[in-house]
Amino acid sequence: MILPIYIYGQPVLRKVANDIDPANYPHLKELIANMFETMYNADGVGLAAPQVGLEDRIFVVDLTVLADEDPEFDGFKKVFINAHILERTGDIELMEEGCLSLPGIHEKVPRENSIRIQYLDENLQPHDEVYEGYKARAIQHEYDHLDGILFVDKINPMRKRLIKSKLSNLMKGKTDCHYKVKTLK
Ligand code: ZN
């Protein structure tokens, strides 16, 4: 089932999400399937639970669509439950990002090149892994959603001033995207 994507201005996007208790979380598999379906429908490569209105530490990533550029992304489809980044290391790199909760906005975002993250996968198996490059970037973008952080918080202040009207339009519910959204107004 395709879920509406919460748009910039929705308070849930600013909440710090909580770890879930997988044993007492109804319909977890269904939620994960719905998150992937919602993400694919919107042509995204990642989606975090706050973007569908939930204050839970869950996000999904699928970079397979980028495999044409680099085969390392082929089949990189992952679920992160109760995710916690332990370390961010390496050089800070600038690269353009977008976000399904901020349609129409693309800006260069500085991020560390390498992360170490602990999480449970969709079968509730624990992992402690290191990711680098674009994988680390995509994971950090989604992970930030769990801490109420959006990529526009990290951009150059001058660029942020330049997109101010775009942001206020999103808060007023003015969006023009092809997927189902839930705006503040
Ligand atoms: Zn995002």
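Structure values in brief
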{"quantity": "Matching entry among V45, V12, V109 (being β-branched (V, I, T), crowded, with 20+ Cβ neighbours inside 10 Å and without any contact (Cβ under 8 Å) to a residue 60 or more places away in the chain)", "calculated": "V109"}
{"quantity": "Restricting the range 134-177 to residues that are under 18 Å from the mean Cα position of the chain (by Cα), at pLDDT 95 or above and not in a helix (DSSP H, G or I), the residue that is nearest to the ligand (Cβ to nearest atom)", "calculated": "L150"}
{"quantity": "Check on G53, without any contact (Cβ under 8 Å) to a residue 60 or more places away in the chain, closer than 24 Å to G173 by Cβ and not aliphatic (A, V, I, L, M)", "calculated": "no"}
{"quantity": "Any chance D176 is exposed (fewer than 14 other Cβ atoms within 10 Å of the Cβ), at negative phi and in contact (Cβ under 8 Å) with a residue 24 or more places away in the chain", "calculated": "yes"}
{"quantity": "Pick from the range 121-162, criterion aromatic (F, W, Y) and touching a residue at least 60 places away in the same chain (Cβ under 8 Å), ranking: most open to solvent (accessible area, probe 1.4 Å)", "calculated": "Y134"}
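The values are calculated or read from the model by the stated rules, or taken from the named source; none is laboratory data. On a predicted model such as this, the values are computed, not experimentally measured, just so you know. Virtual Cβ from ideal backbone geometry, glycine too; neighbours counted across all protein chains shown. Heads up: the accessible areas ignore ligands, DNA and RNA and are worked out on the full protein's heavy atoms, side chains in. Shrake-Rupley method; radii C 1.70, N 1.55, O 1.52, S 1.80 Å.
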